[in-house]
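These notes concern the structure reproduced below.
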Amino acid sequence: MRAARGPSDVGELRVDAARLHSRLAELGEIGSTGDGGCARLALTDEDRAGRDLVVTWMRDLGLDVRVDGIGNVVAVRPGREPGPPVMCGSHIDTVATGGVFDGNLGVLAGLEVLETLERAGRSTRRPIAVAFFTDEEGSRFSPDMLGSLVYAGGMAAEEAYDLVGIDGKRLGDELARIGYLGTTPCPGEAPYAYVELHIEQGPVLEHHGDVIGAVTGVQGISWQEVTFEGQFNHAGTTPMSYRHDAGYAAAAVAVAARQIAEELGGHQVATVGALEVRPGLVNVVAGRARCTVDLRNIDEEVLEEAERRMAAEIDRLAGSEGLTVARRGLARFEPVAFDGRVVDLVEATAREHGHRVRRLPSGAGHDAQMLARMCPAGMVFVPSVGGVSHNPAERTLPEHVEAGANVLLDVLCRLADEDPAS
Ligand code: GLV
Ligand code: MN
Ligand code: MN
């Protein structure tokens, strides 16, 4: 490492946006879906290849790279003093229809911050770490934010190993298979603070012409899988009153989810994102159907009301159609409020950079909400073009990527250099 310069240069250093973009593009090539997006579901071969690339970049920078028992990777740049690091990061797994920014931006911008400091010979009082957490998306193995949940002590790694993915594979086996069953213990060390840069994935910042979001918290998440069993029967000969149509019930759950969200209004959202009917033939009444329900709200009480209404509707449908119903909880996290001091720091730093800033809650789940269990945590949002995400067309303007990375740089430095008594 070069001779250290002092902390007086906070606000003067700037990231190399071209280098950050070139890494985003290179990582986005792994698992590329050929339409601008990528598919790197957690613990697949594509995830392994993405991990290997990012770990190579971390090692090239001389960082101390550790892999823990759930496959989280934490890379540390030492500070002038020992102690817990100021941590940034996010995830590099994606949904199957992912873009190249979701999660990846937070990890690669963190790496870019550390490279900027390193090249400038700029030391910090505390270490700064950049992490990527396993299976943030939860698309293959539920719940989402799994790696950061285990890091924060919310689930034992051994319990997580036994989770079964949508392809029937066991998480622990897949983690070992891709070579990321590490030896650093879980739960992990509590950082001094955690700050995550992420794309907004919604339309609010763009709509208002704001450049930086100072994220106040994350809404509560309720995920379940519902399976109806009825009777396969002939589509032509079975009178409507004789049917036990599981496909009808699952479709009605999707309609009910929309109605419940509209009735509750405000921030309530509801999604049936997976719906599978069996046998899936034109002339057979569907005897089996599986669907997922995703309910979210920033208000825990309203979220519970949405859950109650959904449960009552599922029971009513099963009763009236003569079906059995099985429910499986996939994820349940209460709303999280971020640390007020970190939110203020993000807002103030962004204003000093001359950006229009908005305080807003996050609609998506994030690793920061798990880290908030163990240290002061917060997030920096940058706008998503058209509010589109979990879609290959997901995009954030280059100037917004650069603005977010530079805000992250200064927020991290300020936290890493602040007086121990503050
Ligand atoms: C996962 O990050 C989600 O918000 O669905
Ligand atoms: Mn994400
Ligand atoms: Mn996502």
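The values are calculated or read from the model by the stated rules, or taken from the named source; none is laboratory data. All figures in this text were calculated on a predicted structure; none of them were measured in a lab. Every residue, glycine among them, receives a Cβ derived from its backbone with ideal geometry; neighbour counts consider all protein chains shown.
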message = Can you say whether Leu360 is hydrophobic (A, V, I, L, M, F, W, C), more than 14 Å from ligand 2 (Cβ to nearest atom) and buried (at least 17 other Cβ atoms within 10 Å of the Cβ), as far as the supplied structure shows?
response = yes
message = Cβ contacts < 6 Å: first residue at negative phi, restricted to the stretch 260-276; second residue modelled with pLDDT of 95 or more and part of a loop (DSSP other than H, G, I, E, B), any location; separation 6+ or different chain. Result?
response = Ala261/Gln268; His267/Ile298
message = For the stretch 363-390: of the residues being farther than 23 Å from Pro191 by Cα and crowded, with 21+ Cβ neighbours inside 10 Å, which is nearest to ligand 1 (Cβ to nearest atom)?
response = Ser389
key: Answer residue from the stretch 193-247, given it is assigned to a loop (DSSP other than H, G, I, E, B) and within 16 Å of ligand 2 (Cβ to nearest atom) and is farthest from Gly110 (Cα to Cα) among those   = Gln219
request  = Please note which strands (runs of 3 or more DSSP E) are completely contained in the stretch 311-382 and include at least 2 residues that are among the hydroxyl-bearing types (Ser, Thr, Tyr), farther than 30 Å from Gly287 by Cβ and in the same structural domain as Glu136 (by TED's automatic domain parsing).
outcome  = none
query = Being within 16 Å of ligand 1 (Cβ to nearest atom), in contact with a helix residue (DSSP H, G or I) (Cβ under 8 Å, 6 or more places away or on another chain) and more than 23 Å from Leu409 (Cα to Cα), is that true of even one residue in the stretch 336-357?
reply = yes
Condition met for Met145 (on the phi > 0 side of the Ramachandran plot, in the same structural domain as Gly110 (by TED's automatic domain parsing), among the aliphatic types (A, V, I, L, M) and in contact with a helix residue (DSSP H, G or I) (Cβ under 9 Å, 6 or more places away or on another chain)) = yes
request  = Among the residues of the stretch 209-223, write down those that are in contact with a strand residue (DSSP E or B) (Cβ under 6 Å, 6 or more places away or on another chain), more than 14 Å from ligand 3 (Cβ to nearest atom) and over 19 Å from Gly378 (Cβ atoms).
outcome  = Ser222
request  = Report, by residue number, each residue of the stretch 191-203 that is away from ligand 3 (no atom under 16 Å from the Cβ) and either touching a Cys at 6+ places or on another chain (Cβ under 6 Å) or under 15 Å from Glu347 (Cβ atoms) (or both).
outcome  = Pro191, Ala193, Tyr194, Val195
task = For the stretch 72-108, enumerate the residues that are away from ligand 3 (no atom under 16 Å from the Cβ), out of contact with any Pro (no Cβ under 6 Å at 6 or more places or on another chain), at negative phi and of a type outside the set (Lys, Arg).
result = Asn72, Val73, Val74, Ala75, Glu81, Pro82, Val86, Cys88
ask   = Take the residues of the stretch 281-303 that are of a type in the set (Val, Ile, Thr) and assigned to a loop (DSSP other than H, G, I, E, B): which is surrounded by the fewest Cβ atoms within 10 Å (Cβ to Cβ)?
value = Val282
So Arg140, is it within 19 Å of the chain's Cα centre (by Cα) and among the basic types (Lys, Arg) = yes
task = For residues that are more than 25 Å from the chain's Cα centre (by Cα) and among the basic types (Lys, Arg), scanning just the stretch 304-339, find the one that is surrounded by the most Cβ atoms within 10 Å (Cβ to Cβ).
result = Arg309
ask   = Does Asp60 fit the bill of being closer than 20 Å to Glu29 by Cβ, charged (D, E, K, R) and within 14 Å of ligand 2 (Cβ to nearest atom)?
value = no
inquiry  = Looking at Gly36, Gly50, can you tell me which residue is crowded, with 22+ Cβ neighbours inside 10 Å and under 22 Å from Gly404 (Cβ atoms)?
reply    = Gly50
Of the criteria (1) surrounded by fewer than 18 Cβ atoms within 10 Å (Cβ to Cβ); (2) of a type outside the set (A, V, I, L, M, F, W, C); (3) over 18 Å from the mean Cα position of the chain (by Cα); (4) farther than 22 Å from Arg23 by Cα, which one Asp417 fails = (1)
